[in-house]
Amino acid sequence: MEVKKLINLSELSREELMDIIKLSGVIRDNSAYYMDDCHGKIMATLFYEPSTRTQMSFQTAMLRLGGKIIGFDNPQNSSVSKGESLKDTIRVMSGYADIIVIRHPLEGAAYAASLYSKCPVINAGDGGHLHPTQTLTDVVTLWYERHHLSNQTIGCCGDMKNGRTVHSLIRCLSSYKGNRFVFISTPELQMPDYITEELTEKGVEFSFSNSLEESIPELDMLYMTRIQRERFPSQEEYERQKGVFVLDEAKLSLAKDDLVVMHPLPRVDEIAVEVDDDPRAKYFEQAEYGIYARMSLIIKMIKGSSKKELPEVPESTHDFKCGNPRCITQTEQYLPSLFDERGDELVCRYCEHTFVQH
Ligand code: CP
């Protein structure tokens, strides 16, 4: 298995994904066996945005595999603060490390990084776009809890608009038979069109809800998300949205006995602390499973990677930039303009925002 980058979990085939899920279970039960698997290898964790779980679970995973880590968790302490471009940082770091893990506030940053890296790049979250290794963690958790990934009614609650974890999760689980989705949010934080259009194209059933109480009885899995202060243009808009959906014991009492409650964490107030002791609450286990999922991914990517060389950067497909203000191409001006045609629409290859061609 040669995976040069993991920007979007759908870059993995179903077989590759299942291999990683199953290996993570083996690692969980026999972790000592893997303690030297990455001996002599270095991982660079480049976090342009804060993180607890993703950063430290990647670092723990690499250390448990016998590898070493370098990187920064605050770009202000690196030469990014002097104006260094993403391209230059990546080019240099990919000479130092054997694998790069990057989190960035702008959408498409991990894909942009992969264009200039000599070693494999993993997207650890790019703005409100995607978070594939969180999804890997989520499906590993669902697999451990349910032993299958199909025929589930999956509720996603909170910020559907900016929630990169839900975007990645829906994409992944929508390719398994019989799954249907209920999106529980305010109208302002509704799922982006590019996700719902994809579901429609795949023939996947989904519905919208504005009531957690009304929707919870039908769910097999509930994925709660945080209203992310950092994604709102103003404090007033954030204040209007926060605290609308809170999972507490009263609402959980309406749910199935075998509901699986997940949350990528961190939580603020969207799950009451009283829920933590309910056996249906799996979010702390989920965070721990993230280590095994990432150990499994690192093994597959490092062992499968051939010699280090710079990739060929594609030429611009069009002579204009993506109009999404949160796209990485807005700030990193040297990036080629890359769009794919989908019917009448152009899809930005970095952030996946769509535009109608005139
Ligand atoms: N789930 C997740 O991405 O958490 P962190 O922001 O703490 O990495």
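Can you tell me which condition Lys118 does not meet? The list is (1) in a strand (DSSP E or B); (2) of a type in the set (D, E, K, R); (3) in contact with a Leu (Cβ under 7 Å, 6 or more places away or on another chain), and all the others hold.
(1)
Taking the conditions exactly as written (surrounded by fewer than 16 Cβ atoms within 10 Å (Cβ to Cβ), among the aliphatic types (A, V, I, L, M) and more than 20 Å from Gln286 (Cβ to Cβ)), does Met35 satisfy them or not? If you could, list the steps in order and put the result at the bottom.
Numbers: surrounded by fewer than 16 Cβ atoms within 10 Å (Cβ to Cβ): yes; among the aliphatic types (A, V, I, L, M): yes; more than 20 Å from Gln286 (Cβ to Cβ): yes.
Yes, satisfied.
One residue is enough: does the stretch 191-201 have a residue meeting the conditions modelled with pLDDT of 95 or more and among the hydrophobic types (A, V, I, L, M, F, W, C)?
To start, the set of residues in the stretch 191-201 that are modelled with pLDDT of 95 or more comprises 199-200.
From the residues that got through so far, the ones that are among the hydrophobic types (A, V, I, L, M, F, W, C) too are 199.
Checking the stretch 191-201: at least one residue is modelled with pLDDT of 95 or more and among the hydrophobic types (A, V, I, L, M, F, W, C).
Taking Asn30 and the conditions (1) within 15 Å of the ligand (Cβ to nearest atom); (2) more than 20 Å from Lys118 (Cα to Cα), which numbered condition does it fall short on, given that it satisfies the others?
(1)
Out of curiosity, is Val166 modelled with pLDDT under 95 and more than 26 Å from Cys351 (Cβ to Cβ)?
Here the answer is no, as Val166 does not meet what is asked.
Here's a check for you: in the stretch 45-96, which residue that is part of a loop (DSSP other than H, G, I, E, B) and within 16 Å of the ligand (Cβ to nearest atom) is farthest from the chain's Cα centre (by Cα)? If you could, list the steps in order and put the result at the bottom.
Of all residues in the stretch 45-96, those part of a loop (DSSP other than H, G, I, E, B) come to 48-52, 65-67, 73-74, 78, 83-85.
When the remaining residues are screened for being within 16 Å of the ligand (Cβ to nearest atom), the result is 48-52, 73-74.
Values: Tyr48: 15, Glu49: 14, Pro50: 14, Ser51: 13, Thr52: 14, Asp73: 18, Asn74: 20 Å.
Of everything passing the filter in the stretch 45-96, Asn74 is farthest from the chain's Cα centre (by Cα).
Go through (1) without any contact (Cβ under 8 Å) to a residue 24 or more places away in the chain; (2) over 30 Å from Ala61 (Cα atoms) for Arg326 and report which single condition fails.
For Arg326, the failing item is (1).
Only one of (1) away from the ligand (no atom under 16 Å from the Cβ); (2) modelled with pLDDT of 95 or more; (3) aliphatic (A, V, I, L, M) fails for Val101. Which number is that?
Among (1) away from the ligand (no atom under 16 Å from the Cβ); (2) modelled with pLDDT of 95 or more; (3) aliphatic (A, V, I, L, M), Val101 violates only (1).
(1) away from the ligand (no atom under 15 Å from the Cβ); (2) out of contact with any helix residue (DSSP H, G or I) (no Cβ under 6 Å at 6 or more places or on another chain); (3) more than 15 Å from Tyr223 (Cβ to Cβ): which one isn't true of Val121, the others all being true?
(2)
Looking at (1) outside the structural domain of Thr141 (by TED's automatic domain parsing); (2) farther than 21 Å from Ile7 by Cβ; (3) among the hydrophobic types (A, V, I, L, M, F, W, C), can you tell me which one Met295 breaks?
Failed condition: (2).
Please verify whether the stretch 283-293 includes one or more residues that are surrounded by 12 or more Cβ atoms within 10 Å (Cβ to Cβ), in contact (Cβ under 8 Å) with a residue 24 or more places away in the chain and outside any helix (DSSP H, G or I).
No: the stretch 283-293 contains no residue that is surrounded by 12 or more Cβ atoms within 10 Å (Cβ to Cβ), in contact (Cβ under 8 Å) with a residue 24 or more places away in the chain and outside any helix (DSSP H, G or I).
Please verify whether Thr153 is under 25 Å from Arg180 (Cα atoms), more than 16 Å from the chain's Cα centre (by Cα) and not basic (Lys, Arg), treating the condition exactly as stated.
Judged against the criteria, Thr153 is a match.
If you go through the stretch 272-282, how many residues are within 16 Å of the ligand (Cβ to nearest atom) and assigned to a helix (DSSP H, G or I)?
Going through the stretch 272-282 one residue at a time, the tally reaches 0.
Which members of the stretch 255-276 meet the condition of being farther than 27 Å from Ile291 by Cα and either surrounded by 14 or more Cβ atoms within 10 Å (Cβ to Cβ) or in the same structural domain as Glu49 (by TED's automatic domain parsing) (or both)?
Passing the criteria: Ala255, Lys256.
What are the pairs with Cβ atoms under 8 angstrom where one residue, in the stretch 19-45, is within 25 Å of Tyr144 (Cα to Cα) and the other, located anywhere, is among the polar types (S, T, N, Q)? Sequence gap at least six, or different chains.
Final answer for the pair search is Ile20/Ser296; Ile21/Ser296; Leu23/Ser296; Ser24/Ser296; Ile27/Ser296.
Within the stretch 214-230, is even one residue aromatic (Phe, Trp, Tyr), under 28 Å from Glu249 (Cα atoms), surrounded by fewer than 19 Cβ atoms within 10 Å (Cβ to Cβ) and not assigned by TED's automatic domain parsing to the domain that holds Arg326?
The answer is no; no qualifying residue exists.
Given the structure, is Gly108 more than 16 Å from the ligand (Cβ to nearest atom), on the phi > 0 side of the Ramachandran plot and without any contact (Cβ under 8 Å) to a residue 24 or more places away in the chain? Outline the logic, then answer.
Numbers: more than 16 Å from the ligand (Cβ to nearest atom): yes; on the phi > 0 side of the Ramachandran plot: yes; without any contact (Cβ under 8 Å) to a residue 24 or more places away in the chain: no.
So Gly108 fails the test.
For the structure I just gave you, tell me whether Leu149 is modelled with pLDDT of 95 or more and either under 21 Å from Gln55 (Cα atoms) or within 16 Å of the ligand (Cβ to nearest atom) (or both).
No, not satisfied.
The values are calculated or read from the model by the stated rules, or taken from the named source; none is laboratory data. From a predicted model like this one, the values you see are computed outputs, not experimental measurements. Don't worry about glycine lacking a Cβ; one is built from the backbone with ideal geometry, like all the others, and counts go over all protein chains shown.
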